[in-house]
Structure formats: C-alpha cells, structure tokens
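The values are calculated or read from the model by the stated rules, or taken from the named source; none is laboratory data. Because the structure is predicted, anything quoted here is derived from the model rather than measured. Virtual Cβ from ideal backbone geometry, glycine too; neighbours counted across all protein chains shown. Each accessible area value is taken on the protein alone, full model and side chains, heavy atoms only, with ligands, DNA and RNA left out. Shrake-Rupley method; radii C 1.70, N 1.55, O 1.52, S 1.80 Å.
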Amino acid sequence: MNIVVVWSSPNKDGLTAFAKESFLRGIRKTDSKIEEIHLNETKMEHCRACGRGWGLCSSAGKCVIKDDFEDIYSELTKADGIVFISAVYWHDMTECMKVFIDRLRRCETAHNRYLAGKRCFLIACAGGTGLGAVECLHSMEEALKHMGMRAYDCVPVIRFNKEYMFPALENAGEIYSIRVKDGFDMQY
C-alpha cells in the first residue's frame, strides 16, 4: 500500500507537524509505504485562470505552469490512500494547500478524474483559539467531493485537545492504513 501525506504549515515543530507525525507513527505500524509532501517546501504558483478561465486543465487535464504541481499530482494518482493535513488560517486551509487544491480540482473535475474514488483522511490543526478547524475541514471535504474523492474521516486538532488527539491520530493512522489495504469502502 502506498499512502501519500500532503501537509502544509510553515512551522515544522508546531501543532500541525506533531499531528502529522502522530498519524505517520500509526501508518508505520503497518506495511504501507509513505510518501510525505510538505507543500511549504515546494514551488507552487497559484492558478492563472488561463484560457478565459479554462486552459489546458479543462482540455487536457494538465497545467501550463511549470512548477512542482505535476510531480505531486502524479504521486497522488499512484497512491492507494491520501492524507491532507493543514494548519488553519482564518477558518480555512493554508494558502499553500489552497493553491494546490485549487489547481488539482481544475485538472480533476474538468478532465482527468484520476483521483475519483481515492480514499482520503483529513486533518485540520488550529492553534490560537482553535476556532475554524471544523470550517477548514468542511472546505477540504467539499473540494474532495468535487473531484469524486472520499474523506473517510475529518479530524479537528486544536491546542486544547492535542493531549488526547495525538494518541487518537496515531491509532487512526494505523486503522486507516489497514482499511485502505483491506479495501474498506463507504458510500456517500
């Protein structure tokens, strides 16, 4: 099994990074291969809305921008499971995650459908007051639904629940990996 973990936070030792590491510890208890992609360390431009709003993404399922997007997209197409983990800013995904999801959604919904049916897990990490984690997860899940992907679970992590959420995420990572391997499915 190949699980790709796409995460975004500029802070490599904060709440989001610890949540990611907890989930990865669980996956590592299984025989799944992990590909980790830290979007903050990639070169990723925002969508240019070329071609009067629908460029090559609509006609060919490709993006005209030459950056890291195509390589990451390719990794996702090969994945058996995909995990998206984002810090929360203003009740939404990080800017890096939004840029990636926006471009991915254009290629997927308009043309390719390579990711349709992929089994995903979503984690949103909100520091500060902790507000916005649920709204962020909702935004992430809606984007996945546009692409025909499925969120098996959506987990909010905030600084007030981290003491019990980190162990829960480790357990969730292990169970998610096992279920991806066993073909567990759910209907929308």
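So which pairs qualify, if the first residue must be in segment 62-87 and closer than 21 Å to Ile175 by Cβ, the second must be modelled with pLDDT under 95 and assigned to a helix (DSSP H, G or I), the Cβ gap must be under 7 Å, and the two must be at least 6 apart or on different chains?
Partner pairs satisfying both residue conditions: Asp80/Val180; Gly81/Val180.
Among the candidates Lys29, Lys20, which residue alone is in contact with a Phe, Trp or Tyr (Cβ under 9 Å, 6 or more places away or on another chain), basic (Lys, Arg) and touching a residue at least 12 places away in the same chain (Cβ under 8 Å)? Working first, answer last.
Numbers: Lys29 fails: in contact with a Phe, Trp or Tyr (Cβ under 9 Å, 6 or more places away or on another chain).
Only one candidate qualifies: Lys20.
Output yes when any residue across segment 56-66 is aliphatic (A, V, I, L, M), within 16 Å of the chain's Cα centre (by Cα), surrounded by 14 or more Cβ atoms within 10 Å (Cβ to Cβ) and farther than 23 Å from Cys154 by Cα, and no when none is.
Taking segment 56-66 as the starting set, the residues that turn out to be aliphatic (A, V, I, L, M) are 56, 60, 64-65.
Those left that are additionally within 16 Å of the chain's Cα centre (by Cα): none.
Among the residues of segment 56-66, not one is aliphatic (A, V, I, L, M), within 16 Å of the chain's Cα centre (by Cα), surrounded by 14 or more Cβ atoms within 10 Å (Cβ to Cβ) and farther than 23 Å from Cys154 by Cα, which makes the answer no.
Given the residues Arg119, Arg48, Arg103, which is the only one that is farther than 25 Å from Ala19 by Cβ and either charged (D, E, K, R) or open to solvent by 50 Å² or more (accessible area, probe 1.4 Å) (or both)?
Working: Arg119 fails: farther than 25 Å from Ala19 by Cβ; Arg103 fails: farther than 25 Å from Ala19 by Cβ.
That would be Arg48, the only listed residue that is farther than 25 Å from Ala19 by Cβ and either charged (D, E, K, R) or open to solvent by 50 Å² or more (accessible area, probe 1.4 Å) (or both).
Give the residue, chosen from Glu174, Glu141, that is open to solvent by less than 70 Å² (accessible area, probe 1.4 Å), in a helix (DSSP H, G or I) and without any contact (Cβ under 8 Å) to a residue 24 or more places away in the chain.
Numbers: Glu174 fails: without any contact (Cβ under 8 Å) to a residue 24 or more places away in the chain.
Exactly one residue qualifies, and that residue is Glu141.
Any chance segment 113-129 includes a residue that's within 22 Å of Gly14 (Cβ to Cβ), without any contact (Cβ under 8 Å) to a residue 40 or more places away in the chain and of a type in the set (S, T, N, Q)?
Yes, some residue in segment 113-129 is within 22 Å of Gly14 (Cβ to Cβ), without any contact (Cβ under 8 Å) to a residue 40 or more places away in the chain and of a type in the set (S, T, N, Q).
Pick out the one residue from Lys12, Lys33, Lys29 that is farther than 30 Å from Arg159 by Cβ and among the charged types (D, E, K, R). Give the derivation first.
On the way: Lys12 fails: farther than 30 Å from Arg159 by Cβ; Lys29 fails: farther than 30 Å from Arg159 by Cβ.
Checking each option against the conditions leaves just Lys33.
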